[in-house]
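Notes follow the structure.
Readers should treat all values here as calculations from the given coordinates under stated rules, not as data from a laboratory. Just so you know, these numbers come straight off a predicted model, no measurement behind them. A quick note on method: Cβ atoms are made from the backbone with ideal geometry, for glycine too, and the neighbour counts reach across all protein chains shown.
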Amino acid sequence: MEFEEDSTASKRMKIAENEDPITKVQFSALIVDDDPLIRKIHSEVLNSLGFQTRVAKSGKEAVDLYHAGANFDIVFMDMQMPVMNGIEATKELRGMGVSTKIVGVSSECSESEIEAFILAGLDLYYAKPLTDANKIIPLMEDLKNKSVPNEGPKKTM
Amino acid sequence: MLCFYSLPAHQLHIILTAILLYKQFSILHFFIPNSHSLFFICVHFIIPFFSSPFSTNKMVGTSLEQQLRNFLRSMHDQGILDHNFENVRRLQTQGNPQFLTEVITMFINDADVSLAETTRLMNEPELDYETLTSYLHQLRGSSASIGGCRMAVACRDVRQAIDARDKARCLETFERVKQEYQTLRSSFNNILQLERSIMAYENRRRRG
């Protein structure tokens, strides 16, 4: 592991506007996790790449946001949450017709749990912790290449 | 001569250099300064170099940075911190200069609460395995996300003991979690102290 040689606060402090503009795009992301520390870290990882982020503390809160008309380019969904876990929330969103890219993010998952999470409607699964911005860049490429705009919940009469 | 040494070192340097140059230019037929002048040059160039405010402060800043690098390397070598900590640290920018402090503070505050509650549950005659699972899941996730890998591994061991419903092993492995947390907490406090010192130095330097 390499530690930054320029580890002074001033050298590490980069002005956001001077960073590589290629990675700076205006996508929106919803981070769903019951742990405030995880929400903060994941938000900052995405913010550093130019995402506008919003957080939800549970699967239910995420579903309620979509019911209220919110929409996002990508959702990062934790699996183990109280009230409504990630599997239930993903099933609910897909049942509503939400086609947003949903990335499952969790730890301590067995193979069967990961499989169930994916079958619920995930596009991708990442093991926690998600602190490396480099893992997000391929997702951004996918979002840029996506030709069909994200659809919110389909309303049935 | 003694009165000169009461002046600030950088001012002393300028004055002595001016005096020396005047002396030398007034005796143009000497190619080589006599031994006394040579001694005068050496002493009064060497002392200011090491004692001027600019060079001293620069050495302090470099020393603090080196201390922090050495400390982080040591934490990594001991397995206390992993690459996730460095990833989180890199998220601190000029637009968000308190990010690392906020994250570490949040981690410590939440962990203090969770560990206190887990300790209470572990002291019950009958263990509430479901609630313990929830707390250990949170502790493991947060410690892993902030790079506290040894603590995260210790939490995993408790989870396995909980899954096995092995009370003795739960208690034993939880003691390890508490020890690793104290080590991690102490490490973070050292890191924050060094970061604050570096920040203070940088602010003083920018103000000139």
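Which whole number gives the average, over all residues in B:142-152, of C-beta atoms from other chains lying within 10 Å of the residue C-beta? Present the calculation step by step, with values, prior to reporting the outcome.
Numbers: counts 6, 2, 7, 12, 5, 2, 0, 1, 0, 0, 2.
Neighbouring Cβ atoms belonging to other protein chains average 3 per residue here.
Could you please rank B:CYS149, B:CYS155, placing first whichever residue has the fewest other Cβ atoms within 10 Å of its Cβ? Please report the intermediate quantities before stating the final value.
Numbers: B:CYS149 21, B:CYS155 29.
Ranking B:CYS149, B:CYS155 by Cβ neighbours within 10 Å, fewest first, gives B:CYS149, B:CYS155.
Between B:GLN182 and B:ARG206, 0.36 nm times their residue separation minus their Cα-Cα distance comes to what?
Working: separation 24, 0.36 × 24 = 8.64 nm, distance 3.60 nm.
Full extension of this stretch gives 5.0 nm more.
Compute the FRET efficiency between A:ASN145 and B:GLN98 as 1/(1 + (r/R0)^6), taking r as their Cβ-Cβ distance and R0 = 35 Å, and round to the nearest 0.05.
Values: r = 36 Å, r/R0 = 1.04.
With a Förster radius of 35 Å, E is 0.45.
Based on the mean of other beta carbon atoms within 10 Å per residue, what is the order of B:161-167, A:81-87, most packed first? Before the final figure, lay out each step's value.
Details: B:161-167: 15.0, A:81-87: 19.6.
Result, highest mean Cβ count within 10 Å first: A:81-87, B:161-167.
Toward the positive end of the charge dipole of the stretch B:108-208, about the Cα centre and with charges on Cβ (Lys, Arg +1; Asp, Glu -1), which of B:LEU192, B:PHE174, B:SER143 goes farthest?
B:LEU192
Quick query: amide H of A:LEU124 versus all other amide H atoms, modeled in the peptide plane; which residues come in under 5 Å with a sequence gap of 5 or more or a different chain?
Those qualifying (amide H under 5 Å, at least 5 residues apart or on another chain) are A:ILE102, A:GLY104.
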